[in-house]
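What follows draws every value from the coordinates through simple rules; no lab data is involved. Keep in mind that what you see is a predicted model, and the values were worked out from it rather than measured. So basically every Cβ, Gly included, is an ideal-geometry build from the backbone, and we count neighbours across all protein chains shown.
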Amino acid sequence: MGIRKILIVVVVIILFIAIWFIQPFSQLKYDFNHQVSTLGNASYPDEGIFTYEGIKKLPGPIQKYFISCGYIGKHKMNYMKIAFKNVDFLTGKNGKKLKIDYTQYNFVKEPIRLAFIDSSLFGIPFQGFDSYQDGVGRIKGVIAKAFTLFNQTGPEMDKASLVTFLSESLFAPNVALQDYIKWKSIDGTHVEATIAYRGISTSGVFSFNELGEMTSFETNDREAVDFNGNRRKVKWSAICSAYVEKNGIKQPTILQAVWHYPEGNMIYFDAQKDFSMEYK
């Protein structure tokens, strides 16, 4: 093959790759949107509104959270959407730092959590679908919209996904009223929560400040898993701060996820103000 033909072949390959990267269709994103649409369009009964009477069986710090954050008198939600933009995300200890967009939906009647990651690796589109549904946790990562980098499942993933859902339960506080969560007071600013679903049980501790704002959730029921599939069981926490009022409800504007390694803490998910919460 002559040099001219080689150059033509190289140009064609480059053009093909470029077109593939910029073409809008992504099977992974289609699967995410389809599941969200199916669940979001389901028929939900009117749950009514949050009342003082309805929260009186909850521990004191949880009641104070409902009241101080403005949920009393508001409609109970069937699901929540959070849309994050430009989040700093570490792929693992000593791993690569990415900027990601992250969209998630948490549903109430059953513990269901669907989240989509949109980013790039070395200039190549990278997408992830993080899901927990029917008691099964899974995270799938795809590069160039077609090639699977990882597809992690298994009992530990099921448990990690369930405790992640638990950690976010007070962001959609109708979840806190469901039978699959049990609450236990520790003191005036700490409450233990246990969630049980499809034969799996997991727990963690919520902390609150003097204003009634939830400041953190800690658990030992998660494993740190990097992009290479390496696993390590360490304490995990979700931290929230800088609450502001939106539509009568106080919500945090800083959200962080942290692995507490013996050699030092690692904030691997760091969302600073550029996100929004919506309810339906």
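Computed quantities for the displayed model
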quantity	calculated
Only one of L211, L149 that is assigned to a loop (DSSP other than H, G, I, E, B) and touching a residue at least 60 places away in the same chain (Cβ under 8 Å)	L211
Residue among F217, F206 that is among the aromatic types (F, W, Y), over 14 Å from G60 (Cβ atoms), surrounded by 22 or more Cβ atoms within 10 Å (Cβ to Cβ) and in contact with a Phe, Trp or Tyr (Cβ under 9 Å, 6 or more places away or on another chain)	F217
Test: residue in the stretch 126-147 that is under 15 Å from M277 (Cα atoms) and surrounded by fewer than 21 Cβ atoms within 10 Å (Cβ to Cβ)	no
Residue in the stretch 246-264 that is hydrophobic (A, V, I, L, M, F, W, C) and loosely packed, with under 13 Cβ neighbours inside 10 Å present	no
Residues located in the stretch 55-69, provided they are more than 22 Å from E245 (Cα to Cα) and surrounded by 15 or more Cβ atoms within 10 Å (Cβ to Cβ)	L58, P59
Condition met for K76 (out of contact with any strand residue (DSSP E or B) (no Cβ under 6 Å at 6 or more places or on another chain), surrounded by 15 or more Cβ atoms within 10 Å (Cβ to Cβ) and under 19 Å from N41 (Cα atoms))	yes
Count of residues meeting criterion [in contact with a strand residue (DSSP E or B) (Cβ under 6 Å, 6 or more places away or on another chain) and without any contact (Cβ under 8 Å) to a residue 40 or more places away in the chain] in the stretch 42-72	1
